[in-house]
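Written out below as structure tokens is the structure these notes cover.
Read the figures in this text as sums done on the coordinates, not as results from a lab. Everything numeric here is computed off the predicted structure, so don't read it as measured data. For neighbour counting, all protein chains shown are included, and Cβ atoms are generated from backbone atoms with ideal geometry for every residue, glycine included.
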Amino acid sequence: MSIHISAAPGSIAATMLMPGDPLRARLIAEHYLTDAELVSQTRNVYFYTGYYQGHRISVGASGMGCASIGIYSYELYTQYDVQNIIRIGTCGAYTTDRQLYDLINVSLSASESSFARFAWDIDDDALLPAGNAFAALNAVAAANGQQLIAAPVHCSDIFYRKTTDLPAIAAKHACVAVEMEAFALFANAQHLGKTAACLLTVSDVLPTHEKISADQREQSLTPMIELALATAIGL
Ligand code: HPA
């Protein structure tokens, strides 16, 4: 038990997939894992542990934003011996160079967030994925002939804003898209010597307002989920 996770000690696997949404965690557990067990549902944030191709894997939600993933990933790394977290999520593309359904492996997470500085005295405004998961995602995608774009991504605390101008931090680091969690995940992993990567599906293209529709959303995330699972079992 940790403050925000009620799983019994030992009931979470060393390698985890982390979508933002608890219902997506449930869907992954029900569709892909065998012998999946619900191990925590504190705050309706579901964590499951089961087997994928014979390998023990957990899947659990991060919630939205750095504050939320900062809490869950810290408790998982420090109180449940989790070694590897692959965040799987969606992002908004900043330019029309990226299209709906593109898969992005975050090579750098740039943020205005004070999370890394105030939590761990890490002064950088851009953090790298930690450990071997980033490279492993690239290798598995290449082996499967799956297109995966490694690129810098902005991690913002803001979803709704006044202007559509490219934020300065995103321009500084040539970010192709925006999401809301990778920076805190990478900061925790860097501080704790753990592994973290972030795989994203482009769900909206900000300049054109194109979006993956609600009914397409579930199916459209399948390539990302399958790549994350295939990579997770090799870590
Ligand atoms: N902003 C932040 N996160 C996102 C977005 C966005 O526009 N789209 C999908 N995730």
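Of the chain, which part is the longest with no chymotrypsin sites (Phe, Trp or Tyr not before Pro) in a loop (DSSP not H, G, I, E, B) and with at most 11 other C-beta atoms within 10 angstrom?
Numbers: sites that count: Phe159, Tyr160.
Counting at most 11 other Cβ atoms within 10 Å as exposed, the longest clean stretch of the chain is 1-158.
Would you work out which of Ala214, Gly193, Met180 lies farthest towards the positive end of the dipole of region 177-220? Charges go on Cβ: Lys and Arg +1, Asp and Glu -1.
Gly193
For region 1-44 and region 138-213, write down the distance between their C-alpha centroids in whole Å.
Comparing the Cα centres of region 1-44 and region 138-213, I get a distance of 23 Å.
When the chain is fully extended, how far beyond the present Cα-Cα distance does His191 get from Asn132, taking 0.36 nm per residue of separation?
19.7 nm
Between Glu30 and Gln216, what is the label-to-label distance in nm when each label sits 7 Å out along the Cα-to-Cβ direction?
The modelled label-to-label distance comes out at 2.4 nm.
Using only Cα atoms, find the angle between the long axis of helix 133-143 and the longest principal axis of the chain, and express it within 0 to 90 degrees, rounded to the nearest 10.
Helix 133-143 sits at roughly 80 degrees to that axis.
Which residue, Pro19, Pro223, Pro129, has the most motion in a Gaussian network model of the chain that connects Cα atoms within less than 10 Å?
Residue with maximal mean-square fluctuation among Pro19, Pro223, Pro129: Pro223.
For a Förster distance of 22 Å, can you work out the FRET efficiency between the beta-carbons of Met64 and Ala143, rounded to the nearest 0.05?
Numbers: r = 32 Å, r/R0 = 1.47.
Taking R0 as 22 Å, the efficiency between Met64 and Ala143 is 0.10.
State to the nearest 20 debye the size of the charge dipole of the chain about its Cα centre, where the only charges are +1 on K and R beta carbons and -1 on D and E beta carbons.
Its charge dipole is roughly 100 debye.
Return a whole-number percent for the relative contact order of the chain, with Cα pairs under 8 Å and 6 or more residues apart as the contact set.
Values: 529 pairs, mean separation 60.2, N = 235.
With pairs under 8 Å counted, the relative contact order is 26 percent.
For the chain, take the longest principal axis of its alpha carbons; what is the angle in degrees between that and the long axis of helix 65-79, to the nearest 10 within 0 to 90?
Long axis of 65-79 versus the principal axis of the chain: about 30 degrees.
Taking 0.36 nm per residue of separation and subtracting the Cα-Cα distance, what length does fully extending Asp165 through His4 add?
On the way: separation 161, 0.36 × 161 = 57.96 nm, distance 3.66 nm.
Extending this stretch completely gives an extra 54.3 nm.
What number, in percent, do you get for the relative contact order of region 28-150 if the mean sequence gap of Cα pairs under 8 Å and at least 6 apart is divided by its residue count?
Averaging sequence separation for qualifying contacts and normalising by length gives 15 percent for region 28-150.
Please work out the FRET efficiency for the pair Ile122 and Asn44, using the Cβ-Cβ distance as r and a Förster radius of 41 Å; give the result to the nearest 0.05.
On the way: r = 31 Å, r/R0 = 0.76.
Taking R0 as 41 Å, the efficiency between Ile122 and Asn44 is 0.85.
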